[in-house]
Amino acid sequence: MRLGELGELKHGYNEMTTRHSDMLMDIGYQEMDANEVVEFEDALQETAFVIVTGKVEITWDGKTEVMHRDSIFDENPYCLHVPHGKKVAIKALTVSEILIQKTVNEKDFEPVFYRPEDVQCDIFGQGVWNSTAERTVRTIFDYDNAPYSNMVNGEVITSPGRWSGYIPHTHPQPEVYTYKFDKPQGFGACFIGDNVFMIKQNTWSELSSGYMHPQVAAPGYAMWYSWMIRHLPNDPWKKTRTDVPEHVWLLDKDAKIWEPHK
């Protein structure tokens, strides 16, 4: 359980978590200049490459696709997901940023290239609690469409002044959130158990087993975060969660929420 901060990203790889930590995943941002080429091959780990901003050519198994994205807030991502031992080359066509997630996985599977139209996009918290926890949840892959993977990868867009990860809940599988805002001075708060941390551009949170983890964006600032879960042996994350008991009353469709008198 902790919060980390990268600050301004540097050229090259910007490390957040490693598989040797409680998170069991290597996660970081790859910052690339135009026309730069970077090659990847991991003998032990499956890898997901998610475009954050920019435009790149990504090549594997003799195939080449283009991933491009102008806005993480307004556009679904592209993602390439490959098994261990697969060579991948990325050529940046413009200044670009790639989010890389890895974890150990002995299984072989066919690489999958996800386009924006392949990404599941849902609105959570709609029509309840005066819309104070309404947010957009994007799921690139999880146990439903990638049961061969040891990871889950998705994104959340939290509107200014609203909550996500709500109601407060826990799950045993480790999870990492990495945050960005629509303005560089944007901020919010991350609750991990009984601790509260200020979140800013390029911070990340490490969510260990059993800690509740709701988030909130400050008014005026839209917040994006990637959510990356690591399945546990014989206990994959299947959208299962344990809601914090004292807040379960909020799930009642007739729950009475205080409003000021007019």
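The values are calculated or read from the model by the stated rules, or taken from the named source; none is laboratory data. The shown structure was predicted, so the numbers you read here are calculated from the model rather than taken from an experiment. With ideal geometry, Cβ positions are generated from the backbone for all residues, glycine too; neighbour counts draw on all protein chains shown. Heavy atoms of the whole protein, side chains included, go into the accessibility calculation; ligands, DNA and RNA do not. Shrake-Rupley method; radii C 1.70, N 1.55, O 1.52, S 1.80 Å.
Annotations for the structure displayed:
- Residue match in the range 211-230 (condition: open to solvent by 80 Å² or more (accessible area, probe 1.4 Å) and in contact with a Phe, Trp or Tyr (Cβ under 6 Å, 6 or more places away or on another chain)): no
- Restricting the range 17-41 to residues that are within 21 Å of the chain's Cα centre (by Cα) and among the acidic types (Asp, Glu) leaves a set whose member that is farthest from Arg230 (Cα to Cα) is Glu31.
- Some residue of the range 163-182 being closer than 28 Å to Tyr114 by Cα, in a loop (DSSP other than H, G, I, E, B) and either charged (D, E, K, R) or touching a helix residue (DSSP H, G or I) at 6+ places or on another chain (Cβ under 6 Å) (or both): yes
- Boolean, Ile167 is more than 26 Å from Glu46 (Cα to Cα), aliphatic (A, V, I, L, M) and open to solvent by less than 30 Å² (accessible area, probe 1.4 Å): yes
- Selection within the range 14-37 - part of a strand (DSSP E or B) and surrounded by 16 or more Cβ atoms within 10 Å (Cβ to Cβ): Asn14, Met16, Thr17, Asp26, Ile27, Gly28, Tyr29, Gln30, Glu31, Met32
- Residue count for the range 95-139, restricted to those that are over 18 Å from Met67 (Cβ atoms), at pLDDT 95 or above and loosely packed, with under 14 Cβ neighbours inside 10 Å: 6
- Every residue from the range 59-80 that is in a strand (DSSP E or B) and either out of contact with any Ser or Thr (no Cβ under 7 Å at 6 or more places or on another chain) or over 24 Å from Thr178 (Cα atoms) (or both): Thr59, Trp60, Lys63, Thr64, Glu65, Val66, Met67, His68, Cys79, Leu80
- Counted residues, the range 190-207 - those being in a strand (DSSP E or B) and either of a type in the set (Asp, Glu) or open to solvent by less than 20 Å² (accessible area, probe 1.4 Å) (or both): 8
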